[in-house]
Each structure stands twice: as structure tokens, then as C-alpha cells.
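Data block below; observations after.
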Amino acid sequence: MSAQTTITSSVQFSQCWNPRFTLCCKIDCKVLSNTYSLDANLCLLRLYQFEPARMSMQIVARILVKALMAMPAPDFNLCMFLIPERLQMMEPFLTLITLSHYLETARFREFWDEAARNRDILEVVPGFEKAIQKYAIHVLSLTYQKLPRHVLAEAINVEGLSLDKYLEVRINEDGWSLEKGHGKGQLIVLPPNEHNHPELKKNTADSIPVEHVARLFPILT
């Protein structure tokens, strides 16, 4: 075995036992396979706090993109707490913070416009568009019983025949339906839930187990 081969093997062996190297490989694999582990991402960000000179801006950006895709979970903010403030004022982090703000405030038109200007950051992560569309539907379902077609189109950034196909899938799989609106408009009827139909909200008192109430009787008497 040559000296060069020995050195290469030693480097590869040391990398296998390097937590930062292992986590970076794991996160890259999860990005490519469209899977997600918040714990692994937070662990790597904590390691970067101890070794800031070794921080990979590309890996951290991908972590933040995956965190955006996990909304409404608070993953993005949890990750940002572990990123130095000076870096938060730099690209691409500044753009990702802006995107997060648009999503949190349901400013979907502005979000999609900003996303279109930064495709190089976002398109490296598979499934980004579908994940954000899913979040947008979640937000709309909290507010609307029925919504105009154009509101849905703006929220998910889909129009025309593509929107027709999207609606067809949602009608078949999720119980959506369509109604005629005023004039030539079309209304999308969303399935009822405790947010868009408050009468469905379960009363807190109804959720108290009987045995817990029974324990109060001796005290009250």
C-alpha cells in the first residue's frame, strides 16, 4: 500500500467518525430523498456554533429551506436561533427570513414572487413547491368555508388548466366541492373543521374524563 493510499484511507476513516461530516452527509441525503429530520438539522447547527469557521452556508441554507417546508411547525425559528445574528443579515439567509415572514403573515402572492426571484436557493430542495402549497391550503382551511377561485390560485400559485387539474384531485381525494359564485365566479367549498365551522369545536368540558369529575364529589360534599 502506497503512502498516498494510506493517507487517503486515514482521512476517510477520520471523516467517518467526524460528527459534523456525518451529519452533513446525512442532511444532504435527506434533501435529495425528500425526507426530513429536525433533530439532525439542529444538531449540526449546534456543532457549527462551536466551529463557525467550518460552517457550510450551502448546507445551512438547505436546512432553512427544509424548515420552511415544515410550516406551520416552528422549525424555521428554532433553526434561526442557532445561526449567528451577523449571518442572518447576509444572503441567502436574509431572503429566507423574508420568505418565512410572508408565509407567517399569509402574504402568498408576495411569497411566490420572491421565491421566483430566488429559484437557485429553493429548487435544489425537492418538493418545495408542493410543501408550500400544502401549507397555504392549511391556512385557507382555518379561515374559509368557501373561497373564490382566484384566492386559491394566488395562494398556491397555480392557474388555468393546471388549477382545474389540482381541483379535480382535491375533490376526489379531500372532499372539496365547487359552487357557482356571484356572476361568473366559482367558489371552492372546503371540508368543515373546528376552525372554519366553530360549532364543530369540541367543548373543553366534554373532554374531561368521568373519573376525574368523580374525584371532585367527595370534596364538594
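Name the one entry in Val139, Val125, Val60 that is of a type in the set (Val, Ile, Thr), over 14 Å from the mean Cα position of the chain (by Cα) and open to solvent by less than 60 Å² (accessible area, probe 1.4 Å).
Step by step, each of Val139, Val125, Val60 is checked, and only Val60 is of a type in the set (Val, Ile, Thr), over 14 Å from the mean Cα position of the chain (by Cα) and open to solvent by less than 60 Å² (accessible area, probe 1.4 Å).
Pull up the range 121-178, narrow it to residues that are of a type in the set (Lys, Arg) and assigned to a helix (DSSP H, G or I), then point me to the one that is farthest from His101 (Cα to Cα).
Among residues in the range 121-178 that are of a type in the set (Lys, Arg) and assigned to a helix (DSSP H, G or I), the one farthest from His101 (Cα to Cα) is Lys165.
Do we find a residue being in contact with an Asp or Glu (Cβ under 6 Å, 6 or more places away or on another chain), under 27 Å from Lys130 (Cβ atoms) and at pLDDT 85 or above anywhere in the range 166-185?
No.
Based on this model, can you work out whether Glu110 counts as in contact with a Phe, Trp or Tyr (Cβ under 6 Å, 6 or more places away or on another chain), surrounded by fewer than 17 Cβ atoms within 10 Å (Cβ to Cβ), without any contact (Cβ under 8 Å) to a residue 60 or more places away in the chain and under 30 Å from Leu178 (Cβ atoms)?
yes
Pick out the one residue from Arg62, Arg86 that is closer than 19 Å to Val124 by Cβ and in a helix (DSSP H, G or I).
Arg62 is the lone residue from the list that is closer than 19 Å to Val124 by Cβ and in a helix (DSSP H, G or I).
Looking at the range 89-102 only, could you name the residues that are assigned to a helix (DSSP H, G or I), closer than 20 Å to Ala53 by Cβ and open to solvent by 50 Å² or more (accessible area, probe 1.4 Å)?
Passing the criteria: none in range.
Answer yes if at least one residue in the range 164-174 is of a type outside the set (A, V, I, L, M, F, W, C), under 16 Å from Ile63 (Cα atoms) and more than 18 Å from the chain's Cα centre (by Cα), and no otherwise.
No, every residue in the range 164-174 fails to be of a type outside the set (A, V, I, L, M, F, W, C), under 16 Å from Ile63 (Cα atoms) and more than 18 Å from the chain's Cα centre (by Cα).
The values are calculated or read from the model by the stated rules, or taken from the named source; none is laboratory data. These figures come from a predicted structure and were not determined experimentally. Every residue, glycine as well, gets a Cβ built from its backbone with ideal geometry; the counts of neighbours run over all protein chains shown. These area figures cover heavy atoms from the full protein model, side chains too; ligands, DNA and RNA do not enter into them. Shrake-Rupley method; radii C 1.70, N 1.55, O 1.52, S 1.80 Å.
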